[in-house]
Amino acid sequence: MLSVERLNSYHGPIKALHDVSLRVEDKGATAVLGPNGAGKSTLLHSISGLLRPGSGSISYNGQQISGLPPHRIVRLGIVQVPEGRRIFTQMTVHENLLIGAFTRGRNDISEDIDLVFSLFPALAEKRSRLGGELSGGQQQMLAIGRGLMAKPSLLLLDEPSLGLSPLLVEQLGEAITSIRERFSMAILLVEQNAGLALEMTSHVYVMQTGRVVLDAASDVISVDDIRRAYLGQLQSTPR
């Protein structure tokens, strides 16, 4: 579904990604792990059009999307749920979900809103509350729900467990697994929580200083392998 080949991206004069390559299979779940500053969010921003790559290619269902503006990429079926939630705090839960569907119009979205509420019952109970009145965990649920309202075929999740309690992280993992099954979509998950990523995905890439240093199936590596990759002690494993 998604193929990134030898991608190089820059923040001003600073090179943030160095020949990064990865793939996401149709309806598959892939994780990108790494410490702060590894280039994970830069990778997502390059895929979603928020950052124009310097070189390399990004193809989606066989179509080159490198350099396309974000709104066109959303219409193709790629939606990013940003780090830090970034919900509209002065709008209600229901209004936030409506905004997620702005590319679709408003004629066929009531069933999808009900589906989001079935995934996140806490949101259903607070559908008329302002986003800023929700807890951190509920705001993360709302951010994901807003992304789902665009009906993506590929969902980019940027650090969804950040700042959440262990119990909420567990609930979030269950919800994301359910999302894949019920919405029949692929997921590219950026995380620092290696245990969560290994449980939820079939393939893992580890990044360090803008480079992929580990590329392996989730069921053949361990959290210790990932820690060593963070420290530069494990070589990249080919597919």
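The values are calculated or read from the model by the stated rules, or taken from the named source; none is laboratory data. The shown structure was predicted, so the numbers you read here are calculated from the model rather than taken from an experiment. Neighbour counts are summed over all protein chains in view; Cβ atoms, including those assigned to glycine, are modelled from backbone coordinates with ideal geometry. Heads up: the accessible areas ignore ligands, DNA and RNA and are worked out on the full protein's heavy atoms, side chains in. Shrake-Rupley method; radii C 1.70, N 1.55, O 1.52, S 1.80 Å.
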Checklist line | Average accessible area per residue (Å²) across the stretch 124-239 - probe 1.4 Å, nucleic acids and ligands excluded | finding: 44 Å²
Note to self: Per 0.36 nm of contour for each residue apart, how much would the distance between Gln64 and Arg129 grow if the chain were fully extended, relative to their Cα-Cα spacing?
What the structure shows: 19.3 nm
Check: Put a dot 7 Å past each Cα toward the Cβ at Ser55 and Ser178; how far apart are the dots in nm?
Finding: 4.7 nm
Notebook entry, point to check: Between Lys15 and Glu83, what is the FRET efficiency for a Förster distance of 22 Å, r being their Cβ-Cβ separation, to the nearest 0.05?
Noted result: 0.55
Margin query: Which one, Asn96, Asn36, Asn193, has the greatest fluctuation when you compute a Gaussian network model over the chain with C-alpha springs under 10 angstrom?
Written below: Asn36
Checklist line | the stretch 1-145: relative contact order as a whole-number percent, Cα under 8 Å and 6+ apart | finding: 20 percent
Item checked: MRE, 222 nm, helices only [DSSP H, n ≥ 4, -39500 (n - 2.57), over the chain, to nearest 500] -> -10000 deg cm²/dmol
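Could you tell me the ratio Rg/Rh of the chain? Both radii from Cα atoms, Rh via Kirkwood.
0.96
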Check: When the chain is fully extended, how far beyond the present Cα-Cα distance does Asp26 get from Ser202, taking 0.36 nm per residue of separation?
Finding: 62.2 nm
Notebook entry, point to check: So which lysines pass the test for Lys151, namely a Cα distance under 18 Å, with those fewer than 8 places away in the same chain ruled out?
Noted result: Lys27
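Determine the share of the chain's accessible area contributed by carbon and sulfur atoms, expressed in whole percent, with a 1.4 angstrom probe.
Within the chain, the accessible surface is 49 percent carbon and sulfur.
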